[in-house]
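> My structure is below; once you've seen it, I'll send some questions.
The values are calculated or read from the model by the stated rules, or taken from the named source; none is laboratory data. Just so it is clear, the model here is predicted, and its values are computed rather than measured. With ideal geometry, Cβ positions are generated from the backbone for all residues, glycine too; neighbour counts draw on all protein chains shown.
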Amino acid sequence: MTSLATSTYSVARQIADTRRLLSASLADELTTLAADYTAGSDTLTLTTVPKRLGAGTVLSCGAATFYVLSNSTSQCTVIAGYEGNPDVDVPAGSVVRVAPRFTDYQLFTVLKSVVGSLSSPENGLYGIVKWQDVRDDEMYPIPDELLPYHAGVAGQVEDH
């Protein structure tokens, strides 16, 4: 069974809550991956053919964001890492948002910046250094260049 459920105190829950507040009356078109996506590949296979799928469509799946170059039914040729997002493996069955108003990674980086603004190298209140992806329960480190403070500073806590 595919689910978008998140644990109460996870970063994924904060992303879902933020999406709900920003897009309360808008429903994203969703599909799932029919086959695993391996980082570095240029092909995605979806389980259904979304109405808004075509050249120029953005697809979002957790940390991964893709730009569709072309599609032949449910198979898409894509550019991974769209907008500088990480190119990560995505397992089959993962939920994919089609042309979302905000990608998961866009919301994540804004939330991370807000939390990061509460901290400094001198006063480490809290910092997100990893995030747990709801699709596969894996923990992904945040690239150092996205952190507004230095990783490893006393007082920073990893989010689990």
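> Among the candidates ASP17, ASP28, which residue alone is in contact with a Lys or Arg (Cβ under 7 Å, 6 or more places away or on another chain) and at pLDDT below 85?
Details: ASP17 fails: in contact with a Lys or Arg (Cβ under 7 Å, 6 or more places away or on another chain).
Result of the check over ASP17, ASP28: ASP28.
> Further question: Show the residue pairs that are 6+ apart or on different chains and have beta-carbon atoms under 8 Å apart, the first residue being within segment 79-94 and charged (D, E, K, R), the second being in a strand (DSSP E or B).
If the second residue must be in a strand (DSSP E or B), the pairs left are GLU83/THR65; ASP87/ALA64; ASP87/ALA80; ASP89/TYR37.
> Which one is surrounded by the fewest Cβ atoms within 10 Å (Cβ to Cβ), of the residues in segment 19-74 that are closer than 16 Å to TYR105 by Cα, in contact with a Leu (Cβ under 9 Å, 6 or more places away or on another chain) and not hydroxyl-bearing (Ser, Thr, Tyr)?
Within segment 19-74, the match that is surrounded by the fewest Cβ atoms within 10 Å (Cβ to Cβ) is LEU22.
> Here's a follow-up. If GLY81 satisfies all but one of (1) more than 21 Å from ALA16 (Cβ to Cβ); (2) touching a Ser or Thr at 6+ places or on another chain (Cβ under 6 Å); (3) not hydroxyl-bearing (Ser, Thr, Tyr), what's the number of the condition it fails?
All conditions pass for GLY81, except number (2).
> Tell me the residue from THR77, THR2, THR48, THR6 that is out of contact with any Pro (no Cβ under 7 Å at 6 or more places or on another chain) and at pLDDT 95 or above, please.
Numbers: THR2 fails: at pLDDT 95 or above; THR48 fails: at pLDDT 95 or above; THR6 fails: at pLDDT 95 or above.
The unique qualifying residue is THR77.
The rows are residues; the columns are (1) over 17 Å from GLU29 (Cα atoms); (2) outside any loop (DSSP other than H, G, I, E, B); (3) in contact with a His (Cβ under 9 Å, 6 or more places away or on another chain).
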{"site": "VAL49", "(1), (2), (3)": "no, no, no"}
{"site": "GLY54", "(1), (2), (3)": "no, no, no"}
{"site": "VAL78", "(1), (2), (3)": "yes, yes, no"}
{"site": "VAL88", "(1), (2), (3)": "yes, no, no"}
{"site": "GLY93", "(1), (2), (3)": "no, no, no"}
{"site": "ARG101", "(1), (2), (3)": "no, no, no"}
{"site": "LEU111", "(1), (2), (3)": "yes, yes, no"}
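> Quick one: would you say ALA35 is touching an Asp or Glu at 6+ places or on another chain (Cβ under 7 Å), in a loop (DSSP other than H, G, I, E, B), modelled with pLDDT of 90 or more and not hydroxyl-bearing (Ser, Thr, Tyr)? Spell out the reasoning first.
Numbers: touching an Asp or Glu at 6+ places or on another chain (Cβ under 7 Å): no; in a loop (DSSP other than H, G, I, E, B): yes; modelled with pLDDT of 90 or more: yes; not hydroxyl-bearing (Ser, Thr, Tyr): yes.
So ALA35 does not fit the description; no.
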